[in-house]
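Asks: First the structure, then my questions, so here it is.
Taken together, the values in this text are just the output of simple stated rules run on the coordinates, not laboratory data. The shown structure was predicted, so the numbers you read here are calculated from the model rather than taken from an experiment. All Cβ positions, glycine included, derive from the backbone under ideal geometry; neighbour counts span all protein chains shown.
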Amino acid sequence: MLKHILVTGGTSGIGLALCKLLIRDHGCYVYLGSIDQTNGATALKKILQEVPDKWNQIEVVQIDVLDDQSCVSAAKTLKDKGVKLYALVNNAGIMYAEPDMVINTNFKGPKRVTDALIGLIDKSEGRIVNVSSGAASMWLRHQDAETKKLFTNPDITLEELEAAVNQNVTAKNFKMGNGYGLSKAGLCALTLIQAKSYPNLTVTSLSPGFIDTPMTKGFGAKLTPEQGCLSTLKCLFEPVTSGHYYGSDGLRSPMTVTRDPGMPEYEGEENPDASKYNK
C-alpha cells in the first residue's frame, strides 16, 4: 500500500524536489500543498515533465498555512476522500518579510497545519517532519543560558514557548535578519511539544542545509534542492527519535551550537562544546 504524505510549500525549492523524490524513488502518494491551485498546477506540471509515469501518485491540495479555515478545509477535503496520512511534512516557510509574517508562517503555520490534520495521521506509524533551519542554532547560540534552556527543554509548554517567542519579537531580539532564526528555533521547540503531545507518532525537526532555492538566491548556496531532501527523507523513512533535531547530513544535532555536516553526532549532552561540532 502506498504511503500517503502531505508536503506544505510543495510548489518550489525543497518542497518541490521532495514531492518529486517521494513519488519517483519511494513509491508514495503525495499531496502537494499549495497556497492556490494555479501555483499548484504549475508545480505539478514541472514534476510530471520529469516523471510522467507517476501521474496517478500525486495531486494538489490547496492549503494556506497562514489561514485556519484553509487548513481545516484541506483536512476536510482529505477526510472526505477517506485519506489516512502516513506523514505530514511542514515545509512551507519564508525569509524575506516583516517579522510578524515570518513568525506566523514558520512557527505558527506548522502548528496550524498540524492541528487541522492530526486526526488524519496514522496513529500506529505516523510521522510529522518539521523543516527548520541551521539558522535556529545560529540564533539560539547567541542567547543567554535561560533562553537556551527554555527552547531545548523537552517539557516546555506551548504557553511558555509562545510567550518566549512573542517577547523576543517585541524586543526585536533577532540577532540576524528579521526573525527567521527565532522562528525556526521556535519550530524546533514546538517539535518537542508535539513529540510529547502525540506519543504514538514520530515527530522530528531538521535542517536541510544551505540549499540553492528561490529563498537563498544571491547568497552562494551550491547544494541542489534534491540534496536538501536528505535529512527529511531520513526522518520520514528511517529509525529516528521523536523530538530530536537532525542536521543536513541526517545525524542528530544540538540546538544551542551549530554542528557542521560530517562532524560527530550529537549525544545529548546538556552544554555541547562548539569545537566538537564545528570544522
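Asks: Applying the selection to region 233-255, what residues are touching a strand residue (DSSP E or B) at 6+ places or on another chain (Cβ under 8 Å), within 17 Å of Glu125 (Cβ to Cβ) and of a type outside the set (Gly, Ala, Ser)?
Replies: Matches in region 233-255: Lys234, Cys235, Leu236, Val240, Thr241.
Asks: Turning to a different aspect of this structure: Quick one: count up the residues across region 48-65 that are surrounded by 15 or more Cβ atoms within 10 Å (Cβ to Cβ) and either in contact with a strand residue (DSSP E or B) (Cβ under 7 Å, 6 or more places away or on another chain) or farther than 10 Å from Val113 by Cβ (or both).
Replies: Going residue by residue through region 48-65, those that are surrounded by 15 or more Cβ atoms within 10 Å (Cβ to Cβ) are 48, 51, 54, 57-58, 60-65.
If we keep only those that are either in contact with a strand residue (DSSP E or B) (Cβ under 7 Å, 6 or more places away or on another chain) or farther than 10 Å from Val113 by Cβ (or both) as well, we get 48, 51, 54, 57-58, 60-63.
Qualifying residue count for the region: 9.
Asks: Going by the structure shown, is Asn168 buried (at least 21 other Cβ atoms within 10 Å of the Cβ) and over 21 Å from Gly15 (Cβ atoms)?
Replies: Numbers: buried (at least 21 other Cβ atoms within 10 Å of the Cβ): yes; over 21 Å from Gly15 (Cβ atoms): yes.
Considered against the rule, which asks whether it is buried (at least 21 other Cβ atoms within 10 Å of the Cβ) and over 21 Å from Gly15 (Cβ atoms), Asn168 comes out as yes.
Asks: Out of region 231-279, which residues are charged (D, E, K, R) and over 21 Å from His26 (Cα atoms)? Step through it out loud before you land on a result.
Replies: Filtering region 231-279 down to residues charged (D, E, K, R) leaves 234, 238, 249, 252, 259-260, 265, 267, 269-270, 273, 276, 279.
Listed by number, the residues that qualify are Arg252, Arg259, Asp260, Glu265, Glu267, Glu269, Glu270, Asp273, Lys276, Lys279.
Asks: Specify the residue that is farthest from Cys28 (Cα to Cα); the eligible residues are those in region 115-163 that are in contact with a strand residue (DSSP E or B) (Cβ under 6 Å, 6 or more places away or on another chain) and assigned to a helix (DSSP H, G or I).
Replies: So in region 115-163, the residues in contact with a strand residue (DSSP E or B) (Cβ under 6 Å, 6 or more places away or on another chain) come out as 117, 120-121, 127-130, 132.
From the residues that got through so far, the ones that are assigned to a helix (DSSP H, G or I) too are 117, 120.
On the way: Leu117: 18, Leu120: 16 Å.
Residue satisfying both the conditions and the ranking: Leu117.
Asks: Next question, about the same structure. Quick one: Leu140 ticks every box in (1) over 22 Å from Gly13 (Cβ atoms); (2) of a type in the set (A, V, I, L, M); (3) touching a residue at least 60 places away in the same chain (Cβ under 8 Å); (4) surrounded by fewer than 21 Cβ atoms within 10 Å (Cβ to Cβ) except a single one, so which number is it?
Replies: (4)
Asks: So which residues in region 231-279 are under 16 Å from the mean Cα position of the chain (by Cα) and buried (at least 20 other Cβ atoms within 10 Å of the Cβ)?
Replies: Ser231, Thr232, Cys235, Leu236, Val240, His244, Tyr245, Tyr246, Gly247, Ser248, Ser253, Met255, listed by residue number.
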